[in-house]
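Quick notes on the structure that follows.
The values are calculated or read from the model by the stated rules, or taken from the named source; none is laboratory data. Values in this document were obtained by computation on a predicted structure and should not be read as measured data. In this analysis, Cβ positions are derived from the backbone assuming ideal geometry, glycine residues included, and neighbour counts consider all displayed protein chains. Keep in mind that these areas ignore ligands, DNA and RNA; they rest on the heavy atoms of the full protein, side chains included. Shrake-Rupley method; radii C 1.70, N 1.55, O 1.52, S 1.80 Å.
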Amino acid sequence: MNTPLAPPHDCPLCPRLVAFREANRAKYPDWFNGPVPSFGPLTARLLIAGLAPGLQGANRTGRPFTGDWAGDLLYATLLKAGLAKGVYDERIDDTLELVNCRIANSVRCVPPQNKPEPSEIKTCRQFLISELDTLPNVKVILALGKIAHDSVLKTLDAKISAHPFKHGVAYDIGRFTLISSYHCSRYNTNTGVLTTSMFENVVSKAKALAGLE
Ligand code: SF4
């Protein structure tokens, strides 16, 4: 099976993010501090598209959503849904494995203040395109947040105006179904924009759409 294109640990393509990476390497030399690779089997039927690594989460540990609040909710939900097995313990060498799903970020490097620039999203899209071109079994994409939703639409050459971001709404686009959720961030859960049951429901819906009942 082919492997999706992945950036090197010193990917030079986004100058602002490279500068932030270098500053973090100097400040936190024991952290991962590089483009965070996708996580999960290449045979996945469900691809979860995130936004970007969190500074003290994936940028520190080297695995998407690992070590921050969003990961606590995401991985607890995936374990409950049978889309993961093992133990999630906020570190890359826990025993967590994803089952029939894979996680890829829209932007692989941590951005300052968690806010990637449009040019950085565009530059990094080549790696998301490669995931969708290479993974043979992906049927459903679950986008976490509007930025990931829009980036997936651009990846699929689909119009944003025809597929507006709405929590829990699914669109058929070519051979894929795109369903999106409010991002499982601490801000969204603290403010009640996204509750645990809302998130569990959208993950269950994505799982069913992918034929993984
Ligand atoms: S965000 Fe993506 S394209 Fe930009 S430097 Fe990081 S890996 Fe390279």
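Among helices (runs of 4 or more DSSP H) entirely within region 52-153, having at least 2 residues that are open to solvent by less than 10 Å² (accessible area, probe 1.4 Å) and within 16 Å of the ligand (Cβ to nearest atom) singles out 58-61, 118-134.
Taking each residue of region 1-27 that is modelled with pLDDT of 95 or more and part of a helix (DSSP H, G or I) and looking for partners that are charged (D, E, K, R) and near the ligand (Cβ under 8 Å from one of its atoms) with beta-carbon atoms closer than 8 Å, six or more apart or interchain, yields R16/E120; L17/E120. Taking the criterion of being away from the ligand (no atom under 12 Å from the Cβ) and either among the aromatic types (F, W, Y) or closer than 18 Å to G54 by Cβ (or both), the residues of region 12-30 that qualify are A23, N24, R25, K27, Y28, D30.
Number of residues in region 57-83 that are of a type in the set (G, A, S), farther than 17 Å from D30 by Cα and within 15 Å of the chain's Cα centre (by Cα) equals 2. S161 falls short on exactly one of the conditions (1) among the hydroxyl-bearing types (S, T, Y); (2) buried (at least 18 other Cβ atoms within 10 Å of the Cβ); (3) at pLDDT 95 or above, and that condition is (2). For region 164-187, the set of residues classified as among the hydrophobic types (A, V, I, L, M, F, W, C) and open to solvent by less than 10 Å² (accessible area, probe 1.4 Å) consists of L178, I179, C184, listed by residue number. Close Cβ contacts (under 8 Å, 6 or more residues apart or on different chains) running from residues in region 88-110 that are hydroxyl-bearing (S, T, Y) to residues that are within 16 Å of the ligand (Cβ to nearest atom) and open to solvent by 50 Å² or more (accessible area, probe 1.4 Å) comprise S106/I147. Do the conditions hold for S130, that is, is it farther than 21 Å from F199 by Cα, among the small types (G, A, S) and in contact with a Pro (Cβ under 7 Å, 6 or more places away or on another chain)? Against the criterion (farther than 21 Å from F199 by Cα, among the small types (G, A, S) and in contact with a Pro (Cβ under 7 Å, 6 or more places away or on another chain)), S130 qualifies.
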